[in-house]
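The structure under discussion appears below in the form of structure tokens.
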Amino acid sequence: MMLSTNYIRTCVGVIMLCSSIAPAGAQSKITLLTNQVAYNAATAKSAIISSDEALPTGTAFSIIDTVTNAVAYTGKAATSVQVNGWANEWYSRADFTPVKKPGYYRVRVTVSNKIHESYAFRIDHQAIAKMAAPAITSFFFHQRAASPEERAADKHILLYGSNKTVDLSGGWCDASGDVSKYFSHLAYTNYMSPQQIPMVDWSMVNAVERMPKLLAATGTINALKEEAIYGADYIMRSLSPEGYFYMTVFSYFKKDANERRVVGLLADSKTTADYQCAWREGGGMAIAALARISRWQQDGDFTAAQYLAAAERAFVHLQQNSTRYADDGKDNIIDDYCALMAASELWLATGKAIYQHEARSRAAHLTKRLSPAGYFLADDGHRPFWHAADAGVPIIALCRYLDAEKESSYRKQALATIKTAIDYNLRVTAAVTNPFGYPRQSFLFKGQPMDGFFIPHENESGWWWQGEDARLGSLAAAMVTGGRLVYPAKTALGVKPEIEVYATNQLSWILGCNPYNMCMMYGYGHHNVPYMASMYGHGSGKGGISNGITGSNADGSGIAFKVEDNGNEWRWSEQWIPHSSSFLQAVTATATE
């Protein structure tokens, strides 16, 4: 595998740092884990002291100003704990929320007369959004399927099993190692389908509308608008004359771009002509993105009026045909929240009763899917809803619905559902020793519901599991957005403190405060995954987010992160566009203008 120069330099830097501060002899090995990029000044802030032995009770730590070398804050680390199944490391949480002065800092701790320090990081007003908004916008520009080979081939892609060609030029490559383009994949699993290109586009529109001042201040707003319109144009070209969306442009991992086909995709890259999107297979979010961006009254390759007309036509078609396109022939929770997003955006865009009725119906379906334990049920039986990318979308969809819904009885029902879901997420995450605050989840394993940190490797896909950084971003966005409605408080994020801590934990984990001391946003922080090359000049892009950390066992227990694994390292190190999309949602939710 080819390693980037930056990665090699980073590795050398890590070795030098560890050599300079590592204790000698039998003394404990200490690593200070932080968000390696930036903390928002007004919100919760913490680091983790990782050690191979428990620290003495009351171990002090200091926050050091890197410019003056002065001590800015001193506190006591929490009692050292171990996480069941996570090797033999001890973790002590070091909270430094009171530090709010903008600047650059590092964490210092002295153990057995040895000084240990963290990487430097920034504290500033809206520091994460100021960094992430331009980074993610630039990343998606890099992900455009815009090379000469792609542009030429995508103008006339063959439909699988047919001699008919369609123009599906545009869109974004799915991952640093996969130049295919997906509305959704894993459709055959029924319960695991992620929202890909359409959710990316909706997230961009949401960011432009929710934090325009911050985007303007970073010089990003025009570029992000252009990227969102570019995405909407691809969605438009993906709408068939019949009224359904084409699901996948698959590369077959071949160098010849003319080998690409519009397909339905099964396990092991087996392809079919089942390329029509159901609600859950990208169709619902495609409608939502088009309806929402139509309200900008800005034209791309198509007009704003055409965006809205296409959304309305696709909505009618899916109402009549979605279950026919779904692999098992029936709706599940993903159909509910994707159809809810579609109906809510069309209701907001048109005010029509047809969309009001469908939105209310789908919101009621989500309420009925709540289990006694508080988690959503994915099916009509007892399978918990768990999702490696879109875990927060049921809450996000209900919140967006409430932007349109004004009648108190319907609002009361939706708010109660949001509250129950938030309470469950807080409760399951806090149910075990969990110093990082990593979001736990309920899932079905061998027919039995159970709780854990990471998704099970044995699941409906038969093969697919990977890091869940998209899930973290999705949940952070959902908890803050929903929390403002059901748990408002006079805090920096407008939510009760437990929710603020929950959300900031997820952002910090992605940006480096995790057991592997790895910043998952490429080109930022001090320690990144190796560069991954791809076809047509694509590959790892600065600002893109890698899959992340997984469990190590079939049931998702244990913990693992590998940068080399005989070709399977993609499970951890590959960038995937839902990660950046969800992170953008989280940044948007936590930004306060």
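Before moving on, here are some points about what is shown:
- Between region 424-469 and region 206-279, the alpha-carbon center distance in angstrom: 29
- Over 32 Å between alpha carbons, listed pairs Lys181/Lys419; Lys254/Lys446; Lys352/Lys419: Lys181/Lys419; Lys254/Lys446
- When the helices of the chain are scored as -39500 (n - 2.57) per DSSP H run of n ≥ 4 and the total is divided over every residue, the value at 222 nm lands at -12500 deg cm²/dmol.
- By the count of other C-beta atoms within 10 Å, a proxy for reagent exposure, Asp268, Asp555 are ordered fewest to most as Asp268, Asp555.
- Note on region 479-519: Rg/Rh from Cα positions, Kirkwood definition for Rh, rounded to two decimals, is 1.12.
- Förster radius 56 Å - calculated FRET efficiency between Asn84 and Gln319, Cβ distance, rounded to 0.05: 0.75
- Of all lysines in the structure, the ones whose alpha carbon falls short of 19 Å from that of Lys412, not counting any fewer than 8 places away in one chain, are Lys368.
- Built amide H within the under 5 Å cut-off of Gly437, gap 5+: none
- Here the chain carries DSSP beta bridges of which approximately 90% are antiparallel, counting only pairs with both residues inside.
- When the chymotrypsin sites (Phe, Trp or Tyr not before Pro) in region 440-500 are filtered for DSSP coil states and for at most 12 other beta-carbon atoms within 10 Å of their beta-carbon, the remaining sites are Trp463.
- Whole-Hz couplings from phi, Karplus 6.51/-1.76/1.60, listed for region 568-577; x for Gly and Pro: 9, 5, 4, 4, 10, 9, 6, 6, 9, 4
- Spatial separation of Cα centroids for region 475-497 and region 334-363, in angstrom: 24
- Alpha carbon centroid spacing (whole Å) that separates region 60-124 from region 130-181: 42
- Distance-filtered residues of region 83-116 - backbone nitrogen under 13 Å, label point 7 angstrom along Val67 Cα→Cβ: 101-105
- Cross-link table Lys542/Lys562; Lys114/Lys542; Lys100/Lys542; Lys76/Lys542; Lys330/Lys496, entries beyond 31 Å C-alpha to C-alpha: Lys114/Lys542; Lys76/Lys542; Lys330/Lys496
- Kirkwood hydrodynamic radius over Cα pairs of region 418-554, then Stokes diffusion coefficient at 37 °C and 0.692 mPa s, in µm²/s: 199
- Residue-wise HN-Hα couplings along region 548-553, as the Karplus relation 6.51 cos²θ - 1.76 cosθ + 1.60 with θ = phi - 60° gives them from phi, are x, 8, 10, x, 10, 10 Hz; Gly and Pro carry x.
- Close amide H partners of Ala72, meaning residues 5 or more places away or on another chain with modelled amide H under 5 Å apart, are Ile63, Ile64, Asp65.
- Hz values of 3J(HN,Hα) by residue in region 205-212 - Karplus curve (6.51, -1.76, 1.60), Gly and Pro given as x: 4, 4, 5, 4, 7, 8, 9, x
Where a number appears in this text, it was derived from the coordinates with a stated rule and is not lab data. The structure displayed is predicted, hence computed values, not measured ones. Methodologically, a virtual Cβ is constructed for each residue, glycine included, from the backbone with ideal geometry; neighbour enumeration extends over all protein chains shown.
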